[in-house]
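Worksheet: one structure, shown below.
The values are calculated or read from the model by the stated rules, or taken from the named source; none is laboratory data. Please read these numbers as outputs of a predicted model, since none were measured by experiment. Cβ sites come from the backbone with ideal geometry, for glycine too, and all protein chains shown count toward neighbours.
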Amino acid sequence: MILTKRFFLFIIILLFTFQKSFSESTDIYKKIDLFGEVLEKINKEYVDEVDQSKSMDSAINGLLQSLDPYSAYMTPESFEGMQTETSGEFGGLGIEVGMEAGVVKVISPIDNTPASKAGLKAGDYIVKINNTQVQGKSLMEAVELMRGPVGSSIEITVRRRGVKKALIFNITREVIQVQSVKSELIDNNIGYIRLTSFNENSSEQIKEKINKLNKNKDLKGYILDLRNNPGGLLSQAIKISDFFLENGEIVSTRSRQASENRKWFAKKGDLTNGKTLIILINYGSASASEIVAGALKDHKRAIILGENSYGKGSVQSIIPLKNRGAIRLTIAKYYLPSGKSISEVGVTPDIEVAEGSDDFKFNSETDNPVSYTHLTLPTNREV
């Protein structure tokens with residue numbers, strides 16, 4: 001009798017689950033039918049002739065953009081362009097861009113590129129490219145508008161917070177060749193390392209610079225400059241963080257599937273032998289930069305100095321499609337050792353220094369007790 005009751009209970013649960021699944025599927029098919037009806041009305045009654053292929057591309061991209069600012073659709077042409085390294089045929093401006101509320105936003109200008117030399121800043125909103133309004137266009141469409149032959153000029157109109165009038169920049173395109181790591185010895189006792197992006201070889205270059213600087217017997221500490229570094233490869237952020245840690249968690253990622261959640265830990269061996277470390281960040285420091293700064297801050301291994309960072313705490317994957325295009329889809333979020341996510345929040349510096357300001361403001365004397373009194377910032381650099 002008990003077995004019979006259990007059997008009937010199982011059947012009821014199964015029927016309820018099937019009914020719910022069937023209902024959801026029916027609702028989806030109704031939406032697809034609705035989409036087809038809307039598309040048909042547009043094609044028949046819209047005032048101008050409509051390119052159906054572009055309309056479908058925009059619809060797909062709109063679906064992805066509704067998820068978050070970093071997910072997007074790439075047409076076969078855009079995907080091919082993304083995979084092809086910059087050659088002598090095409091030039092760029094040297095900026096990392098993203099979408100925010102349907103507007104193209106500068107995440108970070110790259111050092112010594114036309115964009116940085118012209119004066120574009122992280123947080124600028126691009127509203128017009130030459131005579132073309134950007135709002136309403138996809139990120140890939142805007143990027144295509146900014147590409148062009150080396151030596152050709154482009155007019156970029158931006159809106160900047162705190163500035164009432166639109167700013168116009170005339171920029172000449174160049175082949176973008178980014179040297180991701182630079183270093184120098186300051187006052188014969190401070191190792192300064194500048195990292196502009198997290199490329200495949202960044203960790204090896206950083207390691208080489210550290211080993212070279214370590215040969216100086218008077219070396220007191222390091223400055224790692226991550227300002228206007230838009231990020232890059234997660235694997236490189238993990239390796240570079242590990243160079244300054246003896247142990248402990250560096251970062252973790254959490255996805256929809258619990259089985260795919262991961263954690264990364266430091267291996268024994270601090271390449272700098274625990275020397276004082278200051279990390280410079282600003283609003284243009286994003287993604288992988290925030291992993292490094294956040295991890296070393298959480299472990300009280302470094303003092304973070306500068307402005308609040310960008311706040312990009314998600315991981316994207318490029319997924320190829322049958323039409324030879326692809327989608328860039330957010331598949332996970334990453335978390336600092338403290339368990340905090342920096343999405344939309346960023347990494348808060350221990351010492352706040354606004355761009356061009358000498359007014360230092362301490363957030364806390366206890367958050368990060370690493371002694372910084374023996375380090376001075378290079379006088380010829382603005383923080």
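Of note:
- Across region 264-285, a minimum of one residue is classified as surrounded by 23 or more Cβ atoms within 10 Å (Cβ to Cβ), more than 19 Å from Leu336 (Cβ to Cβ) and outside the structural domain of Val106 (by TED's automatic domain parsing).
- Of all residues in region 159-186, those that are exposed (fewer than 12 other Cβ atoms within 10 Å of the Cβ) and either hydrophobic (A, V, I, L, M, F, W, C) or at pLDDT 90 or above (or both) total 4.
- Restricting region 200-244 to residues that are acidic (Asp, Glu) and more than 20 Å from the chain's Cα centre (by Cα), the residue that is surrounded by the most Cβ atoms within 10 Å (Cβ to Cβ) is Asp242.
- Set Val134, Val181, Val150: member being closer than 21 Å to Ala101 by Cβ, of a type outside the set (S, T, N, Q) and touching a residue at least 12 places away in the same chain (Cβ under 8 Å): Val134
- Residue count for region 314-352 under the criterion of being within 14 Å of Gly284 (Cα to Cα) and of a type in the set (Gly, Ala, Ser): the result is 1.
- Scanning region 326-355 for residues that are more than 14 Å from the chain's Cα centre (by Cα), buried (at least 19 other Cβ atoms within 10 Å of the Cβ) and not in a strand (DSSP E or B) turns up Leu336, Pro337, Pro349, Asp350, Val353.
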